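**Student:** Below is one structure. I have some questions about it.
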């Protein structure tokens, strides 16, 4: 079996075993202490610092996840921050442009990450490579060059040469994969292989991969469907999770045809430690990678993303429901659901550790989930998270100024096109002078559900939101932009039911641009160096990697364009930070503070609305751009540790593009 986790020569062409031209001409470099507690190393390059460089990093397989971060200081005092790809498979390579006027290059890494190599490339080689692989990017970069948009030139060329589509994963992974050579604890692992009729050949492949493990399992047992006439124990439909261990410390449940990489059990055993569950990434039956997030309980229950390349501890199995696992076809799904519900701590080993023979269909999962009352696509979430009766009051807060074309349809959508039975609408008005808007407010005031809260101060979005929450009386507050359009009557109930969960902080919605493409499917912290919306401009029905956009799941943050949270949790973290983030990054900062306080952030596709983004504010240029950069710098300083590793976004995935590409 060949997996990307097999050893490969670093940064080498397979034919020549010499460094590829993509990695540039190697240059001497040195790192010296900087005195900065975060950016602890100063990178010294020979000659002029500016130009296109390729940096190669390595990390131990068990090192804490974290992307390297560069802090580049320019002669005018401007500071640029670049978040680099994490060496998840053992090694990572970053192609980037150092400005010609750079006066200092500082580097921040997590323990265990090493800068191995720096290479230089000419801009001509970058442009030619971009034109070959992505000619559209090359043309866009040329246009940006002609119009004097240096930042766009850099970002467009990087998007053309530094990013690889997931369908090319095997080629991408080869120069990045390193073997595991660390110590392995004394752990007795029981591997069970489930087989059905006609799977003899697949069973042989699975058993061969187990025999080839660098860390041998204590016991390998085969359970066959009784209809299969082969040898091996028949699967007992009433067998329970605790019956599977038979004295072992951990369990690995596979299907016939699954193949583990040679170091899979060693890495999983070393990762498990005192956790309940350790799981790795996989290669699917279609040769596509399944690059998983860190522990996401909602996603694990909804779509079974943990998969079969995993170890379940004795303690986890002891806490599982005593529900029978059923026949071979359902056993792995049942065990995965039970494990996800009972798991308290899971460890993700972010590299492919096996090739799986098949994936359960939505119908397979739905059958098992329906039996346990867990929600899935097409299964109503009120099976598990019902609204109280009567539903609590929800306070919808809309900050606004003038723009009747926006505020009128937004308010009418809330009041007339939303089926939630108990709501109040609070419009926080920032000094509107348009007579038509003032007349509309007068009309709204006749509705007892509506209040207009004046905000006669300079524009400060965070302060306006805080003023709205202060005036609210609902148990749940829902922040809504004035450029939001209601698309379905049930959106508010779907958000409220999630916000009322004790473990949930902020809840975000699926937002679409006016043309029906995705505007918001959750925020990835670190995207574009700070934070951004994933999969922007994709079709509305885009499933997302692992199908996660089909189900409610954890994310690091959601946009305040449509955000629900209970009023007590809002107040517990101090609301929006009106001093540090008056206009931008306030919602992401708020969500991260909720997360730091122990509440998770949920994005749900069940609430779907339109967002005509920034229609009322316009583009950030001139003074607006300067203000944006100041707030961005504050955000980076405050949340660098999350920027370097968003737990719900795999470290091998690119932060350069808005897609789910590799970098």
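**Student:** Suppose we filter the range 505-526 for residues that are touching a strand residue (DSSP E or B) at 6+ places or on another chain (Cβ under 9 Å) and either outside any strand (DSSP E or B) or closer than 25 Å to residue 69 by Cα (or both); how many remain?
**Tutor:** Kept after step one, since they are touching a strand residue (DSSP E or B) at 6+ places or on another chain (Cβ under 9 Å), are these residues of the range 505-526: 505-514, 516, 518-526.
Those left that are additionally either outside any strand (DSSP E or B) or closer than 25 Å to residue 69 by Cα (or both): 513-514, 516, 521-526.
Count: 9.
**Student:** Kindly list the number of the only condition in (1) at pLDDT 95 or above; (2) buried (at least 23 other Cβ atoms within 10 Å of the Cβ); (3) more than 25 Å from residue 475 (Cα to Cα) that fails for residue 580.
**Tutor:** Going through (1) at pLDDT 95 or above; (2) buried (at least 23 other Cβ atoms within 10 Å of the Cβ); (3) more than 25 Å from residue 475 (Cα to Cα) one by one, residue 580 breaks only (2).
**Student:** Can you name every residue in the range 286-313 that is part of a loop (DSSP other than H, G, I, E, B), under 22 Å from residue 355 (Cβ atoms) and touching a helix residue (DSSP H, G or I) at 6+ places or on another chain (Cβ under 9 Å)?
**Tutor:** Those that are part of a loop (DSSP other than H, G, I, E, B), under 22 Å from residue 355 (Cβ atoms) and touching a helix residue (DSSP H, G or I) at 6+ places or on another chain (Cβ under 9 Å): 287, 288, 291, 292, 293, 304, 305, 306, 307, 308, 309.
**Student:** Okay, moving on. What do you reckon, is residue 152 part of a helix (DSSP H, G or I), assigned by TED's automatic domain parsing to the domain that holds residue 60 and in contact with a strand residue (DSSP E or B) (Cβ under 8 Å, 6 or more places away or on another chain)?
**Tutor:** Working: part of a helix (DSSP H, G or I): yes; assigned by TED's automatic domain parsing to the domain that holds residue 60: yes; in contact with a strand residue (DSSP E or B) (Cβ under 8 Å, 6 or more places away or on another chain): no.
Spelling it out, it is not the case that residue 152 is part of a helix (DSSP H, G or I), assigned by TED's automatic domain parsing to the domain that holds residue 60 and in contact with a strand residue (DSSP E or B) (Cβ under 8 Å, 6 or more places away or on another chain).
**Student:** Another question, then. Given the options 479, 438, 492, name the one that is assigned by TED's automatic domain parsing to the domain that holds residue 560, buried (at least 18 other Cβ atoms within 10 Å of the Cβ) and in a helix (DSSP H, G or I). Before you say what the answer is, go through the steps one by one.
**Tutor:** Numbers: 479 fails: in a helix (DSSP H, G or I); 438 fails: buried (at least 18 other Cβ atoms within 10 Å of the Cβ).
Answer to the check: 492.
**Student:** Can I ask one more? When you go through 159, 90 one by one, which is the residue that is on the phi > 0 side of the Ramachandran plot, surrounded by 15 or more Cβ atoms within 10 Å (Cβ to Cβ) and outside the structural domain of residue 283 (by TED's automatic domain parsing)? Break it down stepwise before answering.
**Tutor:** Working: 159 fails: on the phi > 0 side of the Ramachandran plot.
Just a single option satisfies the conditions, and that option is 90.
**Student:** Sticking with this one: When residue 602 is evaluated against the numbered criteria (1) in contact with a helix residue (DSSP H, G or I) (Cβ under 8 Å, 6 or more places away or on another chain); (2) modelled with pLDDT of 90 or more; (3) within 30 Å of residue 73 (Cα to Cα); (4) in the same structural domain as residue 550 (by TED's automatic domain parsing), which criterion, by number, is the only one it fails?
**Tutor:** Result: residue 602 passes all but (3).
Residues are listed down the side, and each one gets a yes or a no for (1) surrounded by fewer than 22 Cβ atoms within 10 Å (Cβ to Cβ); (2) outside the structural domain of residue 544 (by TED's automatic domain parsing); (3) modelled with pLDDT of 90 or more:
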position	(1), (2), (3)
166	yes, yes, yes
176	no, yes, yes
180	no, yes, no
194	no, yes, no
198	yes, yes, no
204	yes, yes, yes
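**Student:** Going by what's in this entry, would residue 620 be described as in contact with a helix residue (DSSP H, G or I) (Cβ under 6 Å, 6 or more places away or on another chain), at pLDDT below 90 and surrounded by fewer than 18 Cβ atoms within 10 Å (Cβ to Cβ)?
**Tutor:** Working: in contact with a helix residue (DSSP H, G or I) (Cβ under 6 Å, 6 or more places away or on another chain): yes; at pLDDT below 90: yes; surrounded by fewer than 18 Cβ atoms within 10 Å (Cβ to Cβ): yes.
Here the answer is yes, as residue 620 does meet what is asked.
**Student:** Further question: Hey, among the residues in the range 549-577 that are free of Cβ contacts under 8 Å to residues at least 60 places away in the same chain and touching a strand residue (DSSP E or B) at 6+ places or on another chain (Cβ under 7 Å), which one's surrounded by the fewest Cβ atoms within 10 Å (Cβ to Cβ)?
**Tutor:** Ranking the candidates gives 549 first.
**Student:** From the residues in the range 403-435 that are in a loop (DSSP other than H, G, I, E, B) and in contact (Cβ under 8 Å) with a residue 60 or more places away in the chain, which one is surrounded by the fewest Cβ atoms within 10 Å (Cβ to Cβ)?
**Tutor:** First pass over the range 403-435, keeping only residues in a loop (DSSP other than H, G, I, E, B): 403, 417-422, 430-434.
Those left that are additionally in contact (Cβ under 8 Å) with a residue 60 or more places away in the chain: 403, 417-420.
On the way: 403: 17, 417: 14, 418: 20, 419: 10, 420: 21.
Among those that are in a loop (DSSP other than H, G, I, E, B) and in contact (Cβ under 8 Å) with a residue 60 or more places away in the chain, it is 419.
**Student:** Which residues, taken from the range 81-101, are assigned to a strand (DSSP E or B) and over 21 Å from residue 127 (Cβ atoms)? Reasoning before the result, please.
**Tutor:** Kept after step one, since they are assigned to a strand (DSSP E or B), are these residues of the range 81-101: 81-83, 90-98.
Listed by number, the residues that qualify are 81, 83, 90, 91, 92.
**Student:** So, one more: In the range 583-601, what count of residues is obtained for those that are farther than 19 Å from residue 530 by Cβ and buried (at least 20 other Cβ atoms within 10 Å of the Cβ)? Working first, answer last.
**Tutor:** Of all residues in the range 583-601, those farther than 19 Å from residue 530 by Cβ come to 597-600.
Those still in the list that are buried (at least 20 other Cβ atoms within 10 Å of the Cβ) too: 599-600.
Of the residues in the range 583-601, 2 are farther than 19 Å from residue 530 by Cβ and buried (at least 20 other Cβ atoms within 10 Å of the Cβ).
**Student:** Moving to a separate point now. Quick test of your reading of the structure: residue 546 fulfils all but one of (1) closer than 17 Å to residue 527 by Cβ; (2) at pLDDT below 95; (3) crowded, with 21+ Cβ neighbours inside 10 Å. Name the failing condition by number.
**Tutor:** Of everything listed in (1) closer than 17 Å to residue 527 by Cβ; (2) at pLDDT below 95; (3) crowded, with 21+ Cβ neighbours inside 10 Å, residue 546 misses just condition (1).
The values are calculated or read from the model by the stated rules, or taken from the named source; none is laboratory data. Here the structure is a predicted model, which is why all the values come from computation and not from measurement. In this analysis, Cβ positions are derived from the backbone assuming ideal geometry, glycine residues included, and neighbour counts consider all displayed protein chains.
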